[in-house]
Amino acid sequence: MKLDRMIGILSVLLQQEKVTAPFLAEKFEVSRRTINRDIETLCMAGIPLVTEPGRGGGISIMDGYKIDRTLLSTSDMQAILAGLRSLDSISGTNRYALLMEKLSPGASSLLAGDTHILIDLSSWYKDTLSPKIDLLHSAILSENRVSFTYFAPKGESKRIIEPYDLIFRWSSWYVWGWCESRKDFRLFKLGRMTELRREDTFEKRSAPVPDLSQERIFPYAHCVKAIIQPEYKWRLVEEFGPESFTERQDGTLLFSFDFTDRQSIVGWVASFGDGAELLEPEEIRKDILAFAEGIRKNYL
């Protein structure tokens, strides 16, 4: 858009002493003639721009009017750019890098971002996840209901929601919205949503801030104790931290941690094969035995 481009041009001029029309044309992917028209428009708007022809010439803001608009340090801008580029990793576009251009003129090209912090929020399912994020974000801005099929442990269902917020938490993307079937606000995991469609518009209601605390979303219900073989120490460190276990004299690891539900305990213990033995809760030992018996029958 012309207005966005002119804001970008002005931002570049506030940051740099002088730039050329070809530089601006390439940067904003337009012709030199378009840049010249934009410069004329900015001058008509009262911005004192000076153009100097020939070698060493270019476009600049008249001396005496230029002010220091740099409110953030270079390290501040690098940190912001790293975060904005992490959002670009979702869609595969440079939308947020262009936003950075407006926040700090020329920063997206002059600053590499914090080169020691590389954030990629995309997933293995990027091809299917990115369109969902774009659709939901657009629906939030335009206040459109969204219909979809949702897959949950309790079964499959058709839902229609009024979307309010996109949330990245626990290494996954969620949408927070008013669910028409439940008559309440709910959190839906994007990875479990299919067949998303924008529907009619809705009138926004007062939306509470979602409670994303561990106690609310994943309340602990079972204290697990298990003996884990030492070759799986890396998994315990990665998944639960080095404080989750102690080493016994025989080298095995005594693991202790709280879990939210029985099913996740069974699946987690089974994932070790014969490398783990559940000690507590004792009643779930029977669930693991039944799980193993079911697998055995499939391979008889």
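The values are calculated or read from the model by the stated rules, or taken from the named source; none is laboratory data. No experiment lies behind these values; they were computed from the predicted model shown. Here the Cβ is made from the backbone with ideal geometry for all residues, glycine too, and neighbour counts use every protein chain on show.
Before moving on, here are some points about what is shown:
- Condition met for Glu239 (farther than 27 Å from Ile217 by Cβ and either surrounded by fewer than 15 Cβ atoms within 10 Å (Cβ to Cβ) or not hydroxyl-bearing (Ser, Thr, Tyr) (or both)): no
- Residue check, Phe188 surrounded by 14 or more Cβ atoms within 10 Å (Cβ to Cβ), within 23 Å of Ser264 (Cα to Cα), out of contact with any strand residue (DSSP E or B) (no Cβ under 7 Å at 6 or more places or on another chain) and not assigned by TED's automatic domain parsing to the domain that holds Asp274: no
- Within the range 11-28, tally of residues that are part of a helix (DSSP H, G or I) and basic (Lys, Arg): 1
- If the condition is being under 12 Å from Ile59 (Cα atoms) and aromatic (Phe, Trp, Tyr), then the range 1-46 contributes only Phe23.
- Filtering Lys204, Lys158, Lys183 for residues that are more than 27 Å from Gly267 (Cβ to Cβ), surrounded by fewer than 17 Cβ atoms within 10 Å (Cβ to Cβ) and touching a residue at least 60 places away in the same chain (Cβ under 8 Å) leaves a single hit, Lys204.
- Lone unmet requirement of (1) more than 21 Å from Asp261 (Cβ to Cβ); (2) surrounded by 14 or more Cβ atoms within 10 Å (Cβ to Cβ) for Asp250: (2)
- Filtering the range 258-273 for residues that are assigned to a loop (DSSP other than H, G, I, E, B), touching a strand residue (DSSP E or B) at 6+ places or on another chain (Cβ under 8 Å), within 30 Å of Cys179 (Cβ to Cβ) and of a type in the set (D, E, K, R) leaves a non-empty set.
- Residue satisfying all of: in the range 202-235; assigned to a strand (DSSP E or B) and out of contact with any helix residue (DSSP H, G or I) (no Cβ under 7 Å at 6 or more places or on another chain); farthest from Arg145 (Cα to Cα) among these: Ile227
- If you go through the range 276-300 and keep only what is loosely packed, with under 10 Cβ neighbours inside 10 Å and either at pLDDT 95 or above or more than 17 Å from Ile265 (Cα to Cα) (or both), you end up with Arg296, Lys297, Asn298, Tyr299, Leu300.
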